[in-house]
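A.B. asks: Input: one structure, supplied below.
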């Protein structure tokens, strides 16, 4: 039995939409910097992340309204989002390592167990936040490195909170607060790079 209210469920869409804005900005700014296969990975990954969050928020809303408990929307969240972060991280790493021709290994697509999914998520997040921090340094926007670092910390905190009992209203509000802060930091950093001219910046 979950203690979801309609306001809580609606609030869950906020960080999802914030991430969506960040993803669209990054896709626009990085499109001309990535090989087509790398951009395909990055775009597919960010779409996966967005859809995983959106469908989980939709599950909460349907549950709060008493319409149904479509729990599959919740259970698919971790594998879908983890694969999304791995793909997005892979795409941006390929972009950052183009000149070095770095060899990158891709994990096989079918696994079971949460530990592997958590590992995929951490690797993907590390690749994304690390690469964006490297771009910020190259573009002389050192303050944004701290923004991306704090964003990464919020994401890691979300991972810890998600491992706790998520049935209580208090824990859900805490999760949503940390998630929203993380997405605001990501949007702040991405918008900062966008405003600094990332789209026209030569790697």
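Any read-out appearing in this document is the output of simple, stated calculations on the displayed coordinates, not a laboratory observation. None of these values were measured; they are calculated from a predicted model. Cβ atoms come from the backbone with ideal geometry, glycine included; neighbour counts cover every protein chain shown.
A.B. asks: Just want to confirm a number: the relative contact order over the stretch 6-200, from Cα pairs under 8 angstrom separated by 6+ residues, in percent.
C.D. replies: 28
A.B. asks: If packing is taken as the average count of other Cβ atoms within 10 Å, what order do 187-199, 84-96, 135-147 fall into, highest mean first?
C.D. replies: 84-96, 187-199, 135-147
A.B. asks: Give the calculated FRET efficiency between residue 75 and residue 31 to the nearest 0.05, with a Förster radius of 35 Å applied to their Cβ-Cβ distance.
C.D. replies: Once rounded, the FRET efficiency stands at 0.60.
A.B. asks: If you don't mind, another one. Determine, for each peptide in 28-40, 122-134, the mean count of other beta carbons within 10 angstrom over its residues, then list the peptides with the highest first.
C.D. replies: Descending mean neighbour count gives 122-134, 28-40.
A.B. asks: Computed from these coordinates, which is Cα extents along the principal axes in Å: (1) 91, 45, 25; (2) 51, 39, 34; (3) 53, 35, 24?
C.D. replies: Here Cα extents along the principal axes in Å agrees with entry (3).
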